[in-house]
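Here the structure comes first, spelled out in structure tokens, and everything after it is commentary.
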Amino acid sequence: TQRRVLTRIAPMTAAMTAAITTATKDLSYFRLKDEIESFLFAEAELLDQRQFREWLDLLTEDLVYYLPMRRNVKFGQHAARENTRLGQDISWFDEDKWTLSKRVEQIMTGVHWAEEPLSRVCHLVTNVQIMQVDPSPEQAREVAVHSRFIVYQNRLEDETNLFVGKRKDVLRNCDGAWKLSRREILLDQNVLMSKALTVFF
């Protein structure tokens, strides 16, 4: 898995922050936010409709897809200890596009023990926030986006799982089309009660 440090996205300056938090936001910002939200909602629809191969087309070749485990941390201890570290500790997912494509291939064989029959899944995505952006929203090439999600999974008669958490994404503009280049998923659960972790977040 390639490890990338996001260096091309400039941190928000005071002026940019003020521009985004005032009622007189620039039209280019709203266009960008609409594009990002449309991308995330379309992605959720592909996953809910089990169009996994089409979903893979939304991912960059150097994708980082990460779901850390979460620890119970005593009050006063460093907050950074709550989540396992990318590339250093055990995690639920530490994947790239190739491993995700193999997971999709396995599901689409029709004999995946945990996805036969296929799950019924519904993604709800909300609280979309643009956190970091190139200096000009009209020419943005990479955008850091935070969001919240609920993923409902049901299979067989009564197997039900509910996943709730946060996502920290980086979207990249590739020849006019947005693609996902990084996703960190933070589940607000310490112990997962599902029998298998087969859903895509």
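Remarks
- Rounded accessible area of Y29 (nearest 10 Å², 1.4 Å probe): 20
- Cα-projected label distance for D188 with F75, points at 7 Å along beta-carbon direction, nm: 2.0
- Sorting S194, S38, S147 by accessible area puts them as S38, S194, S147; the probe is 1.4 Å, largest comes first, and only protein heavy atoms count.
- Near E142, the amide H atoms lying under 5 Å from its own belong to D134, N173; only residues 5 or more places off or on other chains count, and H is placed 1.01 Å from N.
- Checking the Cα-Cα distances for K74/K97; K33/K179; K97/K166 against a 24 Å cut-off, the pairs over it are K74/K97.
- Once the chain from E35 to V111 is taken as fully extended at 0.36 nm per residue, the excess over their C-alpha distance is 23.7 nm.
- The largest accessible area among E184, E61 belongs to the first residue in E61, E184, and the rest follow in falling order (1.4 Å probe, all chains).
- One decimal place: the segment D89-C174 gains 27.4 nm when fully extended, by the rule 0.36 nm per residue minus the C-alpha distance.
- Karplus (6.51, -1.76, 1.60) ³J(HN,Hα), θ = phi - 60°, over the stretch 52-67, in Hz, Gly and Pro reported as x: 5, 5, 5, 5, 4, 5, 8, 9, 6, 5, 9, 4, 10, 10, 9, 10
The values are calculated or read from the model by the stated rules, or taken from the named source; none is laboratory data. None of the values given here were measured: they were computed from a predicted structure. Glycine gets a Cβ as well: all are built from the backbone with ideal geometry, and neighbour counts include every protein chain shown. In case anyone asks, the SASA skips ligands and DNA or RNA and just uses the protein heavy atoms, side chains included. Shrake-Rupley method; radii C 1.70, N 1.55, O 1.52, S 1.80 Å.
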